[in-house]
Amino acid sequence: MKAERVRLVVVLAVFVLAVVALLWPSPDQNYKGLAKLFQRVRLGLDIRGGARLEYRVDVEPGVENPSQVVDDVWTVLRNRLDSAGYTEATLRKSFRENHSFIVVEIPAATDTTSAEKLLGSIGVMYFGQVLDESAIDPSTDPRLMDLARIKRAQWLPSRDGKVWYLVRQEIMLVKDLKLVSPRIVTASPVPETRVGRFGYKVTFELSSKDAEVFKRITQQLVVPESAVGTAPSREKRLAIVLDDVVQFAGYVISVIPDGKAEITGNFSLEEAQQLAAILRSGALPARLEKVSAGWVAPLLGSDIVRTSLMAGVIGLILVMIYMVIFYGVQGVVADIALVYNTILLFGVLAATRSILTLPGIAGILFTIGTTVDGNIIIAERIKEELKAGKSVKAAIMAGFDRSFFTLFDANLTTIIAGLVLYYFGTGTVKGFATTLIIGVIGSFFVNMVLSRLLTDAFHSLIRIPKAAERGVES
Amino acid sequence: MKKINVVNKRYLWLGVAAFFVALSLVFIFTRGFNFGVEFIGGSEILVRTEGNMIEQDLRQALIEISNDFAGARVTRVRSAGDPAGVVKFSVTVPKTFGVDEKQKIVNELEKKLTVKGFKAEVVSFNETGGTAAEEIRRLTWRAILITLVAILAYITLRFNFVFGVGAIAALVHDVLVTLGFFSMFRYEINVPAVAALLTLIGYSLNNTIVVYDRVRENMKKFKGKDIPTLIDESINQVLTRTLNTSLTTFIVVFVLLLFAGNTIKPFAFGLSVGVIVGTYSSLFVAVPLVLRWIKYR
């Protein structure tokens, strides 16, 4: 009697906890109706739609503290994403097979292109001097290539790839007058206020160390505003180069002594934000290799959820009917256990903020199998004990006791498979492993505690089989 | 329920299993697998259309955009529960594209299909690099092997080594036959399909352990009894349970197979086949195969 009361308290407490976890207020409540129950469960990108990018961080061999480099890359990427407006994006570090990976997930993004462009700018950043420009691809013209050699400079494309600039790192051939990988403290888009200009400009500030070099550079390159566009001034433009691409090329119209500068160009807000982001994030301290990229439209996600949910509900109902027909009262017990375990599973997902992915839904459906299996094993065992001539109460007790280790071994092996899957799996498969492990542990709990409680409560309804065979002895 | 004779007819049962393994191997080696982009590296584009577009229309539009699509695989994916009139097409090519190329492909494809009078939308574009695909392949094999070894160790610990060998043999049977079915029906092997294989390992083992557990219990209870008879009894005792469990699990995964969309169809297929072969192997392979070496301790 005492054990029964303990079980009742535990079952109710766990249930209340699961429901509380599900219904706890969350900032993003946008579901209606029945779906409100599940609003705390975080959905994977494959369900809600969004873009996912995975990069491998190639740290140069011999680097003293590789994990610091990965952290720096992470910070740089985070800054780039935030300043380009992807504040909802999540960035995760992961590690396998001696390689570090960074996974970027951007919910609701409809393609990866702009994010890829932003994150993919990986090379060194420097301020250089523009000597010339060309509208045709210089590699097709030997004269232009010769020019580059003579001037000790390099042809680099602009961001849109339509113009090529002849850029030299060393300003006016002054030895060591160059600014490579500058530390930029702040950079932000600001609305234009001057008459005759519109849109946005970008202001930035260099660290005090680099400000000194920048001052000397601007002294060399400065052209009076009236001379802008004339032939001599065209050789004195300043270029911001990142990843061997000219991000911006423009005139210096006054010497900048304090490292506080602005770039004007009638930018749109988006352009200004991107340029600011590039300035602020600077160059990445390691090479990034894109491993995979993809995006799923929210439309597709909702189709999938609808079909999977329908499959789940239909499967569940069929199983429930089957159980009641085949096992009577114990089938009802199994059905209650099934619903209970499903709520429990969602509760754990909500409480741990685990992400529910598509394979995760499959994992939930599979959990239905394990939960039912446990109840079937117990029910069959009780039937056997009854056939052997035991009283209902004794049969129930023996049935549960003897099933314990069967279920323990059977479930533990499933968990072993789940753990391997979790450890080696990537992305969505991890989601499957998560629901599988939670579900199997849950089903063991439900089988041993809730089913026992209910079976005890309904024991008077259990029918005793007519033929009392005697198992192996017969 | 009528008793089935497992031990005396074990060569028949094992023969059936051997036949399916051989058949699967023939398919695997002659037909190979239909690997998803995660495993070969490349791109998969999913196009959702409303109306009566057919594969030809899409293929033509793709080739007009780039010759890379000449050898593309275009398959129709229609799942129950989709809004009426909605058809999805999956396009796979073993090639990845640059950032701008991707944008161009999406824009041009949607434009071209609109011009042809179809309401079409690219709903997903996934790519996996070649080295990443290699890594996924390597990790997958490793995951399967580690699972098998971990399980062998666990069974040796909880039961004994002979049972462990029997269980692994049954699992290898399950994995091979399921893979054979994947090859036979040209179902795509993607990451969820591998998840299905690993789940199947867990599931089939679950069944096998229930059988072993009963054998172990009866061996303690009826020490000295003729082992073949004891095993026959044990298998028959758990038969109803095993069939009922398998049937209910099969109902769930089969309904999923009927309804599920493109991504999890291979998963549902793997488990639907897996539940059947897993049940078979647990009853007719796992114990009969190692019968000769089972001894009282």
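Here are some notes:
- For chain A, the Kirkwood hydrodynamic radius from C-alpha pairs, put into Stokes-Einstein at 25 °C and a viscosity of 0.890 mPa s, yields a diffusion coefficient of 89 µm² per second.
- Table column - 3J(HN,Hα) (Hz), the range A:208-214, Karplus curve with 6.51, -1.76, 1.60, x for Gly and Pro: 4, 5, 7, 4, 4, 5, 4
- Equivalent ellipsoid of the range A:297-426: semi-axes from √(5λ) of the C-alpha gyration tensor, largest first, are 33, 19, 11 Å.
- Residue-by-residue Karplus 3J(HN,Hα) for the range A:148-154, coefficients 6.51, -1.76, 1.60, Hz, glycine and proline x: 4, 5, 4, 7, 6, 9, 9
- Using the Cβ-Cβ distance between A:Phe405 and A:Ala3 with R0 = 30 Å, the FRET efficiency computed as 1/(1 + (r/R0)^6) comes to roughly 0.95.
- Computed lengthening from B:Glu101 to B:Ile4, 0.36 nm per intervening residue step minus Cα-Cα distance: 28.7 nm
- Placing a label point 7 Å from the Cα of A:Trp24 along the Cα-to-Cβ line, the residues of the range A:338-353 whose backbone N sits under 20 Å from it are A:341-353.
- As a rough footprinting exposure proxy, the listed residues B:Leu176, B:Leu58 were ranked by other beta carbons within 10 Å of their own, and the order from fewest upward is B:Leu176, B:Leu58.
- Taking Cα centre as origin and charging only the Cβ of basic (Lys, Arg, +1) and acidic (Asp, Glu, -1) residues, the dipole magnitude of the protein assembly as shown rounds to 2540 debye.
- Counting Lys and Arg as +1 and Asp and Glu as -1 over every other residue whose Cβ lies under 14 Å from the Cβ of B:Ser272, the net charge comes to 0.
- Sites A:Ser134 and A:Ser207 - FRET efficiency at Förster radius 56 Å, r taken between beta-carbons, to 0.05: 0.95
- If R0 is 35 Å, the Cβ-Cβ spacing of A:Phe458 and A:Thr352 corresponds to a FRET efficiency of close to 0.60.
- Counting, for every residue in B:144-151, the Cβ atoms of other protein chains within 10 Å of its Cβ and taking the mean gives 4.
- 3J(HN,Hα) from dihedral phi, the range B:148-161, Karplus parametrisation 6.51/-1.76/1.60, rounded to Hz, x for glycine, proline: 4, 5, 4, 5, 4, 4, 5, 5, 4, 5, 8, 10, 8, 4
- Amide H within-cut-off set for A:Glu192, under 5 Å, with H built and near neighbours excluded: A:Gly199, A:Tyr200, A:Lys201
- Highest-MSF residue in chain B out of B:Ala150, B:Ala268, B:Ala193 [GNM, Cα springs under 10 Å]: B:Ala150
- Once backbone amide H atoms are built at 1.01 Å from N, A:Val59 has no partners under 5 Å, excluding neighbours fewer than 5 places away on the same chain.
- Summarising the amide proton neighbourhood of A:Glu133: residues at separation of 5 or more, or on other chains, whose placed amide H is nearer than 5 Å comprise A:Leu166.
- Charge-dipole axis of the protein assembly as shown as Lys and Arg at +1 and Asp and Glu at -1 on Cβ define it, positive-most pick from B:Phe259, B:Val106, A:Phe198: B:Phe259
- Share, in percent, of DSSP beta bridges within chain B that are antiparallel, nearest 5: 90 percent
- Within 10 Å of the Cβ of each residue in A:312-320, the mean number of Cβ atoms contributed by other protein chains is 5.
- Chain B: most fluctuating residue of B:Phe269, B:Phe19, B:Phe35 per GNM, C-alpha cutoff 10 Å: B:Phe19
- Modelled label positions at B:Val86 and B:Asn160, each set 7 Å beyond Cα in the direction of Cβ, lie 5.8 nm from each other.
- Rounded to 10°, Cα long-axis angle of helix A:269-281 versus longest principal axis of chain A: 90 degrees
- Placing unit charges on the Cβ atoms of the charged side chains and taking the dipole of the range A:338-474 about its Cα centre, the candidate lying farthest along the positive direction among A:Ser460, A:Ala394, A:Leu412 is A:Ser460.
- The residues A:Val333, A:Val291, when put in order of fewest to most other Cβ atoms within 10 Å, stand as A:Val291, A:Val333.
- Fraction of beta bridges assigned by DSSP in the protein assembly as shown that are antiparallel (%, nearest 5): 95 percent
- Separation of the A:Phe198 and B:Arg138 label points, Cα + 7 Å toward Cβ, nm: 5.6 nm
- Each 5 Å bin from zero up to the one holding the largest Cα-Cα distance in the range B:18-59 carries the following percent of pairs: 5, 15, 14, 13, 14, 13, 12, 9, 4, 0.
- Angle in degrees between helix B:227-237 and the longest Cα principal axis of chain B, rounded to the nearest 10: 50 degrees
- Which of B:Glu188, B:Glu64 has the fewest Cβ neighbours within 10 Å, and the rest in rising order: B:Glu64, B:Glu188
All of the numbers you see were taken from the coordinates with simple rules; none came from a lab. Just so it is clear, the structure is predicted and the values come from calculations on it, not from any experiment. Neighbour counts are summed over all protein chains in view; Cβ atoms, including those assigned to glycine, are modelled from backbone coordinates with ideal geometry.
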